[in-house]
Each structure stands twice: as C-alpha cells, then as structure tokens.
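Taking it in order: structure first as structure tokens, then the write-up.
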Amino acid sequence: MNDPTKMTSDAPSDADLVAVQRLRAAYDRILAELSKVIVGQDRVLEELLIALFAGGHCILEGVPGLAKTLMISTLARSLNLTFSRIQFTPDLMPSDITGTEVIQEDKATGSRAFKFLRGPVFANVVLADEINRTPPKTQAALLEAMQERQVTVGGSRHVLTPPFFVLATQNPIEQEGTYPLPEAQQDRFMFKVFVGYPTYEEELRIAEVTATDITAARDSIPAVLDAGQVLELQDVARRVPAARHVVAHALDIVRRTRPGEPGAPEITARMIKWGAGPRAVQFLVSAAKARAVLHGQYHVSVEDIRAVVHPVLRHRIVTTFSAEAEGYSTDRIVDELLSQIPPHQSALTQDGRIQKVLGS
C-alpha cells in the first residue's frame, strides 16, 4: 500500500488519467440522473459519493420526510449495486442482519445438514434505517461486518461481496427508547452527513412533482457504473498522491481538537472534552483523495482536506457542558478551528526550508 504521507515521484500513468476523467464524467452523469428523482441535496449526494469511492461508511442524520431512503436506493440503482434496507427495531436480533443456519434435508438421501441463509447485510449498499433504535448487541453485529467485511455464523466465516457500503440513518428528534451509538462505534463511520431542509425553491419543486410516480422514476434510472467499475475507481482514488504538507495540514486540524495538545487554541480547552483520534486523519486524507478525483484532479490539495473536515470530525468531537450551554455545535467549533488555521499553514510548513520551496 502506498504511504499517504509521501508524494509519489512518478507522474500519473495515462491509464490513471483516463480513469480519473471517466470517474469525473460518471460523477456528473450520476448527479444528473439523481436530479430526476431527488430535488436538491447536492452537498449530501457529493458527500455520499466521496465516502463510497473512498471505501467508507456514513451516518445520515435528518428529520423524517427528507427522502433519505429514496436517495440511497436511487444511488445504488445508478451504480448497478445490490441494495437492502434494514429497519432497526428494539426486537431486532443479530441473526436478522447477518443470517442464520438452518437444518436442510436432502430429499434424495434423507441426510440432513446445516445450510447458511444469508441475511440482508449481504448486499453492496445496506441502509441501516434508524440504527439507534436497536440494542447494542444488534448494532455490534452490523459494525463488525463494516469493519471486517465478513460475518461469522456457527464458526464459519462468510465474506461480504465488495464494494460494501453501509448508510445508517438517525432521527435527531425522538430520543426516547433509543440506543445512541457509543463514540467508539461512531468512529468507524467515515462521515456523519447532515440532511437538512430544502430551500424554498426546492420545496416548491417537491410540492409540484408530488403527484408523479417517484418509484417509477427511480426504477427508470439507468446504471452509470457497475460493481467492477466502482472497485476499479476506488483503487484509483486510493493511489492519488497527497503531498506531505497537505497531510500535515490535515494532522494539524485534528490535533487542535484535542484539549491539552501543544498549540491547541483556547476554544478547544473550553468547548471540547474529547478530540478526534488518529482514524480522523486517515479518513480526512482518504476522503480528500476521493474528492480530488471526483473533481477531475490527480492530486490532493489543502482545499480538498478542508472541504471534508466537517463530515469527518462532527461525530468525533465530544463537547463540554460549556459548549452545550453556549449553543456551540461541533460544526461551529470546527468552523472556528479552521478560521485559526490558514489554508497553507501547518507545523511542517513552518520549517524555513519548506517555506522557501512553497514561496511563503
């Protein structure tokens, strides 16, 4: 695996450049097709595609009625990926997700043997609807599949077919009778995506097309890519070079979320109880690579890093009581941290030799 902290000395091959151009064209086509069914939500769609091509998973948080399920099923259809939806409830068991072994009789011989019946987790795109409504044991079964890309039932290992992409939704309004994901489990998701209300013009358009058959419109969406092409383009995104000072910028942002860290600003000590861990840096770089490729670039810029900071960090920062009392959300804290870190400043760029190279 390439070291993401080092910029490759080799120029991109013609094949890589062609792959980047193909992904950029596919990205435009996917958005064009999704716009036939989904009104607005361009930022949400971009963040979902970034996570998908970076090989990560997402938490989607939004009130009911914002077309989260429709958005995800339509996205899976446009990529020609298998899709399954799991409605999480308090009585859902781990076997309801992973599958179970049943005794099956061979009618010809009369012998009996165990046969594994696959659960809904065996799909390319899995929608875990209202994941915070099921007990921790069932949540853990899904999170194990996310991390290991496999499930173990009856001592047998069953590998999930790549690509494997989990989108877990949460309703921020109703908290009674729910089981919030612990911070350690949330950390396994690359992004936490906020699905907000549409604008006035978008909601007017939604009202105008209410009478149309949305299901038929979704089913008519053509496949822009297939599973093999998605895996190929994920590999291209992983191999995009990131200069050392760009990775250092991502690292500086993450380290400034940690109270007691040298160089951490005053707002960190006052507003943050626990900061983001090393996985945040890894996800920042991976997501920035995917974003660069989606925008037709074969290198990662500082702007790519800063564009994905909010969805990467918002569920990895634990705020203090002072932050809650003063109305500081994690996004607002991240905004203030970014305002104190110029785009082309990092601990690495403070080296005089580096400043000469960068012309600063």
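Table for the structure above
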item: The lone exception for GLN297 - which of (1) among the polar types (S, T, N, Q); (2) outside any helix (DSSP H, G or I); (3) modelled with pLDDT of 95 or more it fails; result: (3)
item: Any pair with Cβ under 7 angstrom, 6 or more apart, that starts in the stretch 56-70 at a residue that is farther than 23 Å from ARG291 by Cα and ends at one that is of a type in the set (Asp, Glu); result: THR69/ASP129
item: Sole exception among (1) crowded, with 17+ Cβ neighbours inside 10 Å; (2) of a type in the set (S, T, N, Q); (3) under 13 Å from ILE59 (Cα atoms) for ASN171, by number; result: (1)
item: Options LEU338, LEU313; residue that is modelled with pLDDT of 90 or more, within 22 Å of GLU46 (Cβ to Cβ) and either buried (at least 17 other Cβ atoms within 10 Å of the Cβ) or in contact with a helix residue (DSSP H, G or I) (Cβ under 6 Å, 6 or more places away or on another chain) (or both); result: LEU313
item: Single match in ALA276, ALA243 (criterion: among the hydrophobic types (A, V, I, L, M, F, W, C) and either under 29 Å from GLU33 (Cβ atoms) or surrounded by 19 or more Cβ atoms within 10 Å (Cβ to Cβ) (or both)); result: ALA276
item: Out of ALA123, ALA184, sole residue that is surrounded by 18 or more Cβ atoms within 10 Å (Cβ to Cβ) and either in contact (Cβ under 8 Å) with a residue 24 or more places away in the chain or of a type in the set (A, V, I, L, M) (or both); result: ALA123
item: Scope the stretch 96-144; condition under 25 Å from ASP226 (Cα atoms) and touching a Phe, Trp or Tyr at 6+ places or on another chain (Cβ under 8 Å); matching residues; result: ALA123, ASN124, VAL125, VAL126, LEU127, ALA128, ASP129
item: Pair list, Cβ under 7 Å, 6 or more apart: the stretch 12-26 residue touching a residue at least 12 places away in the same chain (Cβ under 8 Å), other residue of a type in the set (Phe, Trp, Tyr); result: PRO12/TYR298; ASP16/TYR298; LEU17/TYR298; VAL20/TYR298
item: Criterion (at pLDDT 90 or above, of a type in the set (D, E, K, R) and touching a strand residue (DSSP E or B) at 6+ places or on another chain (Cβ under 9 Å)) met by exactly one of ARG244, ARG291, ARG279, ARG258; result: ARG258
item: Test: ALA288 is small (Gly, Ala, Ser), in a helix (DSSP H, G or I) and surrounded by fewer than 24 Cβ atoms within 10 Å (Cβ to Cβ); result: no
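The values are calculated or read from the model by the stated rules, or taken from the named source; none is laboratory data. Because the structure is a prediction, the values reported are computed rather than measured. We place every Cβ from the backbone using ideal geometry, glycine too, and count neighbours over all the protein chains shown.
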